[in-house]
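Taking it in order: structure first as structure tokens, then the write-up.
The values are calculated or read from the model by the stated rules, or taken from the named source; none is laboratory data. Nothing here was measured: the structure is a model prediction, and the numbers come from that model. All Cβ positions, glycine included, derive from the backbone under ideal geometry; neighbour counts span all protein chains shown. These area figures cover heavy atoms from the full protein model, side chains too; ligands, DNA and RNA do not enter into them. Shrake-Rupley method; radii C 1.70, N 1.55, O 1.52, S 1.80 Å.
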Amino acid sequence: IPAIAKYFGTKTRYEEVNPHLLNDILFVNKTSLQLQQDCTPVHISAVIRHGTRYPTAKNVKKMKVIYKMATKTKPRGPGLVDDISNWGMWYNDTMDGQLVKKGRDDHSNLAFRLATAYPSLFTEDSFRDYRMKFITSSKHRCVDSTRSFIEGLVKKYWKMQDWRKDVLYQHEVNDELMRFFDKCERFVVHVEENKTALQQVDLFKTKPEMQGVLDKVASLLEVAASDITVDLVEAAFYMCSYDLSIRNLNSPWCQLFDQEDAKVLEYANDLKQYWKRGYGHEINSKSSCTLFHDLFRRLDKAVEEKRSGMVSEPAAFQIGHAETFLPLLSLMGFFKDETPLTADNFAQQGERVFRTGHIVPYASNLVFILHRCEGSHRLQLLLNEKPLSFPHMDDPAPEYQHVKNLYSNLLKGCDFKKECKLPSA
């Protein structure tokens, strides 16, 4: 595993945040999930990012440019350039962000582990009765992740002998929920299409830290420094990440970067996500109001139904993107640094909490487990299968009403239509 493996931001392997899975991909740490109170889980809702994928066609284009540049000059002898020439470009435009086999495994194994952790919520009967909900973004990588998640339950966990192919299609495509950012006019105009919205990212690319990485890569590849751009260096960096996550290979591209270089490139990625999906602009998080309300509507319904009898929907899984995930986490107040991330404070942000590689690697998941305890309902939260405390709360499973009080302003307000509507000219 290359030393820089944990610095790939949103292109980080899930195993970097849960290294124990490298030894046993189905291991569940039940001790860390146990609650001190005497409780019974009654409902699970999860927002999950798609699994490991191929690079997009746009990225492949840049990869081909840096590869061609690196292999244009005849190497002076055995060394890095020679290794890259022998590596052979294998990425192509048709891959365009599709899910890879590893990505399917990410999801089928995650489904197995969640079912192992909370078996009472994952019963064959509730699946056969269509009481488990699977909702996905329309993108192939999300639809394929959803099917793999279902397959992990059907074939691996329940070992159903008589399952039919159509059970894998037990999902609903809903872009209003899982790609809300496309539907939010204010976000599209003020952030997505606004050239100044990411000015901190553009500014960071001109800083000495980044220039140092560019000069070093040019020197190692034996090309003119004037030919190397930030885009091309990032393409080389991510070729290392894709080779690791897709082929489990420590690629020659990884040798271009040490940990200090990787931290600079990680910061550039985090800066982009911070200003485009996180705390940089208020509309980033507000665009996720619909998903936020949908989650709490499900939890409210489960609480009500449990009071009078059986919960009609024990489980709901919503498969989307890093762009689905980060706005929701920001809306709910997670991973907020006291000082905003800017182009000028790279050195001060070494210990920042907004680190996308730790938060939203491939197949990252935010899991809400509602428990019925003595006299109350409690809500347990997991991020990537590890307990996560709600902001300003120490209890690993606070009373559900306390969580609702914490978010009362968002539950009463946070109106997607109002937040996303552009003022009429």
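Details
- Of the solvent-accessible surface of the stretch 209-289, computed with a 1.4 Å probe and all protein chains present, 44% belongs to carbon and sulfur.
- For residue 422, the solvent-accessible surface computed with a 1.4 Å probe is close to 50 Å², ligands and nucleic acids excluded.
- Ranking of 39, 254 by solvent-accessible surface, largest first: 39, 254 (1.4 Å probe, protein heavy atoms only, all chains present).
- Residue separation of residue 159 and residue 339 scaled by 0.36 nm, minus their Cα-Cα distance, works out to 59.8 nm of gained length.
- Accessible area in the full protein assembly, largest first, 1.4 Å probe, for 417, 205, 6: 417, 6, 205
- Among the protein heavy atoms, those of residue 219 account for about 80 Å² of accessible surface (1.4 Å probe, every chain in place).
- Length-normalised contact order of the chain in % [C-alpha pairs under 8 Å, at least 6 apart]: 29 percent
- Dimensions in Å of the stretch 192-235 - Rg and Dmax from alpha carbons: 12.1, 37
- Cα→Cβ-extended label distance, 7 Å offset, between residue 300 and residue 312, nm: 1.5 nm
- Annotation: average projected area of the chain is 22.4 square nanometres, based on the convex hull of Cα atoms across all directions.
- Computed Rg/Rh of the stretch 1-63, alpha carbon atoms with Kirkwood Rh: 1.11
- Computed log₁₀ I(q)/I(0) - Debye formula, equal Cα scatterers, no solvent, the stretch 1-110, q 0.16, 0.20, 0.24 Å⁻¹: -0.98, -1.24, -1.37
- Contour minus Cα-Cα distance for residue 116 and residue 353 (0.36 nm per residue): 82.3 nm
- Legend note: in the chain, cysteines whose Cβ sits 4.7 Å or more from every other cysteine Cβ are 142.
- Remark: C-alpha extents of the stretch 335-425 on the principal axes read 51, 43, 26 Å, sorted largest to smallest.
- Length-normalised contact order of the stretch 115-252 in % [C-alpha pairs under 8 Å, at least 6 apart]: 15 percent
- Values of log10 I(q)/I(0), in the order q = 0.18 Å⁻¹, for the stretch 179-274 under a Debye, Cα-only, solvent-free model: -0.89
- Accessible surface calculations at 1.4 Å, restricted to protein heavy atoms, place the chain at 44 Å² per residue.
- Cα pair distances of the stretch 270-395 binned at 10 Å [whole percent]: 11, 39, 32, 13, 4, 0
- Probe 1.4 Å, all protein chains present, accessible-area order of 129, 231, largest first: 129, 231
- Summarised as an ellipsoid, the stretch 190-333 has semi-axes of 42, 20, 10 Å, derived from the eigenvalues of the Cα gyration tensor scaled by 5 and square-rooted, with the largest first.
- Residue 181 sits with roughly 10 Å² accessible to a 1.4 Å probe, with DNA, RNA and ligands left out of the calculation.
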